[in-house]
Each structure stands twice: as structure tokens, then as C-alpha cells.
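Take a look at the structure set out below.
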Amino acid sequence: MTTTNVAIESIATEPEVEPSQAPVLSVRGLTKRFADVLAADNLSLDFYRGEVHAILGENGAGKSTLVKMLYGFYQNDEGEIILDGEPVDFRSPADARDRGIGMVFQNFTLIPALTVLENIALVAETGGFRLDFSGISKRITELSARYGLEVNPKAYVRDLSIGEQQRVEILKALATHPSILILDEPTSVLAPHEVAALLDIIRKLRDDGFAVILITHKLGEVFACANRVSVLRRGALTGGGMLVDFDQRSLLALMLGEHAATEEDPETSGARNLLDNGFALQNVTFKADDGRVTLRAIDIEVACGEIVGIAAVSGNGQASLAEALLGTGEILEGKVVIGGEDVTRRSVSARLGLGLSIIPEDPIRDGSVPDMTVRENISIDGGRGGLKSWVLRPAEVVRRALVASERSPFPLPVLTRRLGSLSGGNIQRVVLARELNEHCTHLVAYYPTRGLDLTSTRAVRRRLLDFKDKGRAILLISEDLDELRALCDRIVVLHEGEVKGTFGRDDIDLMEIGRLMTGGHG
Amino acid sequence: MAAFRISSTWTQAPLIERILPTAVSFGRFTLVLVGGMVIFALILLIDGHNGFEALRSMYDNSIASEFGRQEILVKLIPFGLCAAATAIPARAGLINVGGEGQFYMGAWAATWVILFSGAPTALLLPLAFVAGAAGGGAWAGITALLRIKGNVNEAISSLLLNFVAIQVVNYFVYGPWRDPEGPAWPYTSIFPSAAELPVIYGSRVTAGLFIVLAVFVAMFLVFKFTRVGFRTRVVGGNAEAAERSGISVGKYLFWSLAIGGAVAGLAGMAEVTGIQGRLRSGISIQYGYIGFLASWLGGHSAWGICLAALLFGAISVGGDSLQIGAGLPASSVNILMSLILFGVLASRRNIWKVGG
């Protein structure tokens, strides 16, 4: 019912190190305002060595604001931060780093054109003129071995997978010899097996005496590795304490409020209303923009009134399914069929005109224009719902935005705001609202609930099921196996660009799917 | 309490975010302008001139005098058109530094029509107009094709093509097109009177003013009220998102650059038919580059670049007076223009970023 993951549940352990008596870091009455928004409201918390302290809350609850103050990224308006018993005033992240606070950001801060070693050297260098690469390299090897952070120091960051990049981020944070490590939504970018590995690392860090601060909105992670939990809602602390004093329900109630917590996940009504044909990839071999062949002889058919799920570890060709259907990249062999028409040689706009809608892998990078307002972004739609006339009437843009806002599964940000001024979660919501429109009959959704809070996640799932009931064809690519199991009629497993297995709704076996996803091992 | 304040962001943009950007950019602009002038005056002081006196003389001889105001409008033609030549591709995310070369090729093509095509007299001006646009547009088209087909950076190729264009014009005016009857200057023969751009009644400002104003109005209307303009902005804002929403990004890149080049070509045509009456070597006094600066100063918007081009016009006209009055080279005002541009580029930072 939540985004809890099987892999996570099975490996929860008790801490081996007793927390020391005095907190290493405390905040008292911490308050931060942005314009007229109170992002952190009188927060008082304690953090201890040898503990994982989870900060739990929905998007916009103020979790990131809190840790950005701890890391000197923002300055608090009121209250104080006490480190090792003395009040501190961080003017910048460099101050915080000097005092032993390390942070792993949600959006990676690595430089793709440099190697792992060089990236780490950027923060770890000791100030001399000559960079001590061999010393840093030694430290990387040491840390890698100790915490299972396997990564090749000579590899270029641009060649690394997301999971590896995150390990580099952690190494980078550790290279500055911190005693407190902040992880901001570390699992939001990871595939299931990578999540399990990360949680392992977090537990090792905890057992080694680090004070780990884990920002998350996933209950499963909290139960898998935290000792202490604090719940934020709308900038304020709604509760907290030792984790053993809480269960899922009580945490949910603190996170969402009593009413929302009792709401169940959506289920399909079973009513069908079939439209025309669905869509299909027939024996498709596909070359991506970067020249790699990412799909080999793929056959996937999505009928109307059906949700087909794709289970795959990130980078195994699932992104190319969306590309092949949309018409970017090159089809080397095979046919793409949408609504009964062969569109293999047709343009992107012709395909969108058939009612195709794509929720991109990265909605911010591939689906939004930061310099335009929310409502202008909603009008960027080349498909059936697109602008018809060559004249752009401002009233039409406003109307379309209002319609989208009304039909959106969740509240949208203020329509006149510049998109670039919004948080990542809000940009994602705008793109989702645009793509999940009434003209969409063939939907490819790439992990639409990634990083969304529980309320929005449920709303998106409800919308997908509603689409299915209306007879639309949906291909759901997700890294959350529980989500696939909850929503899909069939699950297709992809590994290295090939279909490795297909599971009907009644014989979904998550362990077997997990085995096929990783190439048949383990 | 806190809950209410947070949820209010869903219904209404914070007042500060709605009013502040305009106020800030206006205040910032004024600050940059005044700051630039003060530093300019100080530089002149170091050189032993009375800098503030020089600024005063610039003002007296440009904005404050009837003659100066007319001269500013004369300058608005090349400055404004070359600014639009940068601004239009900029809306599609392209950096066109090639206004200078496109200006030269527009002038070249217009000259060909007027002197060598044998077109009927009555059609000379309209055909020169078309040729000017086509010449500049085709020159920018080279840059556009290199960018689209070969992924060559357009800023670099357009800049380098400037030097080629200047040499192309030099070749013709030193060689085959040189006036056979005139002295040995690199000039073509003088244009027939039918190919002279008419002057607005009672002034020294040519009909080129109507061209530049029409371009500004068209820019405003197209980017604000048409689907093509909207899509161009989408391409400029995020080409990947544009491609994925079915917009042919390549076409938009090509045409925005080609149209930008055509506008610069019109500036070249207006220069040979309105001011010089012939094609000659060195026909542009850095117009393409000044237009580039004006476009960035004006934020690539129609009204912004109009104001910026007027401002640079005033500085340029005022600069001519420095030569006569203060004994300074006219080009010393380039320092002022550069200071202003530097200030604008350096202050282009979003300090109102709201996180959370």
C-alpha cells in the first residue's frame, strides 16, 4: 500500500552501537521564511552519533529546507544550531564542511567531464598548490572497501550509472572527514536493488559512529534503517522520537494528517469502454541518439483498456521504448504501430496527433521550459490537445491552463509563476498534468510517481486506472515493483534491451521478476 | 497558521514575485547606466579630461538638441535592425554574432540589384529591399545549416563569417565593381537617384525608420500572439522538450537565424541606399556588433532592444561631439557602451531564487 519495498523490509536490523549521551548536533527554534511562505517553523531536534535519524515528510514539508540550513546553504531567520555543545553560525556549505558536516544532495553535484578521483579531489584537496592525487586515491580505496562503495576512481562520471554516481557523491561527502552525514532523498533516483545496497551502506555508516540524517518520504526506508524519526508537515514538526515507538499507521497520520492516512490506494472499477486499437512495437531494433543499439527484436503490445508494466533496472532499454514510440532515435528494424496505423516512418507530431502522450524519464530536462510560466508550459503540446490556430490568443492559453488545472489529479502551482522558480516536484506535477490530458488515448508513462509524495502518487495511480477503465492503452515503466504489481495487467521484464519474460496479473512473482531484471543471477 | 501561509502559494503567486522582477530589472538597468557613466567619466578624468563635462556635452549634443535627436533616429536604423538580427535567433536559443557579415552581404546583394541586374528603374528599390533581405538571410543560412547538419556552434561560425563577408565586399569594390570613372577609391559608382531611399519629409531620417519600426512591431506581435512565435520560444527554452512535443526544432533554428540575417541584410540595404548611395569598403562601423550588444541589453524583447538601440544611438551621436568638443576620439564612447553591457551581463543573476 505504500511504496515499501520487499527488499527493504527483509533486511532491517538493530543498531550495534549505543548512541552516546549528548547530541552531536541540535537545533532549537529553527525558522526560515521564503517570501511569505514559512518553510521551517520553530523546529527543535537532536541528532546523535551512531544513529540514523530519519526526517520524514511529504514534498514541501520543509525537509530540504531544514537540512539546507544545517549545511549552511540557507541561513536561518530565527533559532540556533548547536554543534558539539556550542552554537554555530554557518555562512556557507564550506563552513559546515569544515565543522564536520557532509551532505549528499538529491540532485547530484558531480562534474560529468571529470573522473571520480578528480571530482572527489575538488572537495578533498588540502589547500596546497599541488593536488595530492595519490593520497586522495588511497583514501577513496579505503572508504570504498570499508563501506562497500565500489567505484573505479579513474572512471569518468559521465559513464557511471545513477547508482554509481550516488556512491561517488557519498565518497565525496566522506572525503571531507565528517562526523555528521546528511542524505537528501537518496533513494529517489535509484532502482530497487540499488536501494537495498544503499540502505546497507547507511547501516554501516551508522554502526561506524556517524550521525546520519536521512531525508525521505518513504516509510519503508525509515523502518529499514532508522533509529529515530521526526515527522514534518507544512514546515512544522508534527511528532517524533525513537522509531520503536511508532508503526506505519502512526507515522502516516503524522505525515498526512488523520484523514488522509486512512484513505486506501486506488483500485480499478472494472468497467471497460474500449476505444480503437492500442499500440505496439513489433520486432523493433532501436538505435538511440547516442548511437548505441538499446533495443533488440522487441515485441510489446499494449491493448486498449490495459496497463502493461515494464520492469527493468535503469539503463536496460526502457527509456528507448518511449523514444521508439515517440519517434526520436532510429528504428533499425521492425514496426511501430499506434492506433492500428504503421507510424514507423511518421514524424513525432503525427504520432502525437494520434493521441500518443509521453511522460518523460526526466520531466524537468525533457518536458519543461523553465523560462516560461506554468500556463505556457501547459500549452506546449503538439498532440491532439495542442494549439490549433496559428494565432496564439492569450485567453486561450489561460483557458487551457485552467482546464488542465481543474482536471489535474493534484493541485497545480500558481499558473502565472515561472516554472523555473518552482521545486522539482512541482515541475513534475505540471508536466504530469499536461500529459495526462483528456486527448491522450495512448500513454507511455516513465516512472510517473518517482519522487512524488504519497498523496500525489495515489492521485496519479488513480488517474492511470481511470484511463484504463476508459479504454486507453497504457505502458507503465516503473522502478517500483510494488507499483507495477498494484496497477498492471501484465508485466514485461526487460534486460539489456531484450524481453526476458512476461507475467500475467495473476502470476506476478516479484522475486522471479527481480532475478530476470538483473540478468538471471541472484 | 503556518499551514495557511503555505497553502496560499497554491492559489496566488506571492505579490513580491509578481512586482519585484519588473522593479528590480528597472532599478538594475538604471544603476548599470548611471554606474557605467560614472566609471566612464572617471576614466576620462584619469586621462586628464573633465569627464563629467564630457558627459554633459554628450547630452547637450544628442538628446538635448533637435539635430541630435534626428541623428539618434538615423542611428536607430542600423542599430535597431542589427539588434533584431541578434534578438530573433536568440528567442530560439541561438547566439548570432554574425550581424556584421549579414549586414555586408545585404548591402552587397542590394548593390548588385541596383547597379548590375538591369532591373527596371521603378522596381530598383523594392528589388533592392528583397535582395538585401535575401543576401543577409542566405549568409545567416550558412551558419544555420552548419549548426543543424554539423552541430557547429553558431556563435563561432557566424562570427568568423563576418570576416569572410567583409573580404567578399572588399573583393568587389576593389575589383570588378569599382567605379571606372571615379578616383582610385574602393567605391562602386554612385547609385541612380531612383535607388535612393527617400527621406522623411523635412528631416534627414530615411524611410529606413519605417523598416526598423515595422520589424519591432512584427517581432512583438509574432512572439506574443502567434503559435510560431510561441513555439520558437519553446525551442529556445528547451529544445529537447520542443522536439518531444512534436516541434521540428531544426526548422525553427534555421528560420529564426535566416530571418535574423535577413533583418541585418535590410540594415545593409538601408545603409547603401539611404546613407552612402554606393557600396564601399568598410561600410559598417561595427553596426552588427553594436546591435549584438543592444540585443543583450534589451533582453531580446522588441521594446527592450528598441530602447537599447536608442540609448546606444544617443551615446554614439554624443560621442561624435566629444571629438569636436573635448578633443577625444569618437571611439572613446565605445568604453561607455562596453561598460554598460558589462554591467548588464554581470548583474544578470537570479537573486530571487526561492527554494524549499
About its Cα centre, the stretch A:282-332 carries a charge dipole, from +1 on Lys and Arg Cβ atoms and -1 on Asp and Glu Cβ atoms, whose size in debye to the nearest 20 is 160 debye
For A:LYS204, counting only aspartates and glutamates whose alpha-carbon sits under 13 Å away and dropping same-chain residues fewer than eight positions off, the answer is A:GLU14, A:GLU16, A:GLU51
Bridge orientation stat for the stretch A:407-522 from DSSP, antiparallel percent rounded to 5, came to 55 percent
From the Cα centre of the stretch B:70-142 to that of the stretch A:148-221, the distance in Å is 58 Å
Where a ≥ b ≥ c are root eigenvalues of the Cα gyration tensor, a/c under 1.5 meaning rounded, otherwise prolate if a/b exceeds b/c and oblate otherwise, the stretch A:137-227 counts as oblate
Given pairs A:LYS68/A:LYS218; A:LYS138/A:LYS172; A:LYS287/A:LYS470; A:LYS287/B:LYS149 and cut-off 24 Å on Cα-Cα distance, the over-length ones are A:LYS287/A:LYS470
With the charge dipole of the protein assembly as shown built from beta-carbon charges (+1 for Lys and Arg, -1 for Asp and Glu) about the Cα centre, the Cα from A:SER379, A:SER230, A:ALA145 projecting farthest to the positive end belongs to A:SER379
Rh (Kirkwood, all Cα-Cα pairs) for chain B, Å, reads 21.7 Å
For B:LYS224, counting only lysines whose alpha-carbon sits under 29 Å away and dropping same-chain residues fewer than eight positions off, the answer is A:LYS388, B:LYS75, B:LYS251, B:LYS353
For the stretch A:279-517, percent of DSSP beta bridges that are antiparallel (nearest 5) comes out at 55 percent
The protein assembly as shown, convex hull of Cα, quarter of hull surface, nm² -> 42.9 nm²
Evaluated at 25 °C and 0.890 mPa s, the Stokes-Einstein D of the stretch A:279-517 based on the Kirkwood radius over Cα pairs, in µm²/s, stands at 135 µm²/s
Note on chain A: the mean projected area of its alpha-carbon convex hull, in nm², is 25.3 nm²
Magnitude of the Cβ-charge dipole (Lys and Arg +1, Asp and Glu -1) of the protein assembly as shown about the Cα centre, nearest 20 debye, reported as 2560 debye
For the stretch A:426-472, the Cα convex hull volume per residue in Å³ comes to 65 Å³
The alpha-carbon center of the stretch A:398-418 and that of the stretch B:143-221 are separated, in whole Å, by 47 Å
Whole-Å distance linking the alpha carbon centroid of the stretch A:306-373 with that of the stretch B:238-289 is 35 Å
Ordering B:196-203, A:492-499 by per-residue average of other C-beta atoms within 10 angstrom, highest first, gives A:492-499, B:196-203
In the stretch A:141-244, taking the dipole from +1 charges on Lys and Arg beta carbons and -1 charges on Asp and Glu beta carbons about the Cα centre, the listed residue (A:ILE213, A:LEU160, A:LEU199) farthest towards the positive end is A:ILE213
Of every Cα-Cα pair in the stretch A:398-522, the percentage lying beyond 23 Å is 40 percent
In Å³ per residue, the alpha-carbon convex hull of the stretch B:156-246 encloses 195 Å³
Any aspartates and glutamates whose Cα falls less than 15 Å from that of A:LYS335, other than same-chain ones fewer than 8 residues away, would be A:ASP299, A:GLU301, A:GLU323
Using alpha-carbon coordinates alone, the radius of gyration and Dmax of the stretch A:108-177 in Å work out to 11.0, 33
Charge dipole of the protein assembly as shown built from unit charges on the beta carbon (Lys, Arg +1; Asp, Glu -1), centred at mean Cα; most positive-end Cα among B:ALA23, B:GLY68, B:VAL234 is B:GLY68
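The numbers here are math on the coordinates, done by the rules we state, and not lab data. Keep in mind it's a predicted model, so treat the numbers as computed, not measured. A quick note on method: Cβ atoms are made from the backbone with ideal geometry, for glycine too, and the neighbour counts reach across all protein chains shown.
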